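Trainee: One structure, pasted below without further comment.
The values are calculated or read from the model by the stated rules, or taken from the named source; none is laboratory data. Predicted, not measured: the structure shown is a model, and the values here were computed from it. Cβ sites come from the backbone with ideal geometry, for glycine too, and all protein chains shown count toward neighbours. Side chains are part of the model used for accessible areas, which takes the heavy atoms of the whole protein and leaves out ligands, DNA and RNA. Shrake-Rupley method; radii C 1.70, N 1.55, O 1.52, S 1.80 Å.
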Amino acid sequence: AAQPTWPLGTTVQVTNRETKQGVIVSITDRGPFIRGRILDLSKAAAGQINCQLCTTTMEILSYGDGKYRKE
């Protein structure tokens, strides 16, 4: 996934709000480059939750810098 400010390596649970399908992704790139988006998923991750362009919820599981880890 791509996100502009979170540390690389941050782990996030992304859930499609309509289908309730979820996927865990890691921030490995910067972006998104489209106004209004918070996160860009890879095609593979988007396919796992049946999301081409959808509304999601996100939960940070751990930051890549090690400062926070959800227990």
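Trainee: Would you be able to say whether some residue in segment 3-13 is crowded, with 17+ Cβ neighbours inside 10 Å, out of contact with any Gly (no Cβ under 7 Å at 6 or more places or on another chain) and among the polar types (S, T, N, Q)?
Mentor: yes
Trainee: I've got another one for you. I'm trying to understand the selection: among the residues of segment 12-35, which are at pLDDT below 95 and either within 9 Å of the chain's Cα centre (by Cα) or of a type in the set (A, V, I, L, M) (or both)?
Mentor: 34
Trainee: Please go through (1) under 17 Å from residue 4 (Cα atoms); (2) at pLDDT 95 or above for residue 38 and return the number of the only condition it doesn't satisfy.
Mentor: Of the numbered conditions (1) under 17 Å from residue 4 (Cα atoms); (2) at pLDDT 95 or above, the odd one out for residue 38 is (2).
Trainee: Can you find, within segment 55-71, the residue that is modelled with the lowest pLDDT among those that are part of a loop (DSSP other than H, G, I, E, B) and among the acidic types (Asp, Glu)? So that I can check it myself, show each step before the final result.
Mentor: First, pick out the residues of segment 55-71 that are part of a loop (DSSP other than H, G, I, E, B): 55, 63-68, 70-71.
The next check asks that each one be among the acidic types (Asp, Glu); those that pass are 65, 71.
Details: 65: 71, 71: 53.
Among those that are part of a loop (DSSP other than H, G, I, E, B) and among the acidic types (Asp, Glu), it is 71.
Trainee: Tally the residues that are open to solvent by 30 Å² or more (accessible area, probe 1.4 Å), in contact (Cβ under 8 Å) with a residue 12 or more places away in the chain and among the aliphatic types (A, V, I, L, M), restricting the search to segment 20-38.
Mentor: Applying the first criterion (open to solvent by 30 Å² or more (accessible area, probe 1.4 Å)) to segment 20-38 yields 20-22, 24, 26, 28-30, 33-38.
Okay, now just the ones that are also in contact (Cβ under 8 Å) with a residue 12 or more places away in the chain, so 21-22, 24, 26, 28-30, 38.
Okay, now just the ones that are also among the aliphatic types (A, V, I, L, M), so 24, 38.
Residues flagged as open to solvent by 30 Å² or more (accessible area, probe 1.4 Å), in contact (Cβ under 8 Å) with a residue 12 or more places away in the chain and among the aliphatic types (A, V, I, L, M) within segment 20-38 amount to 2.
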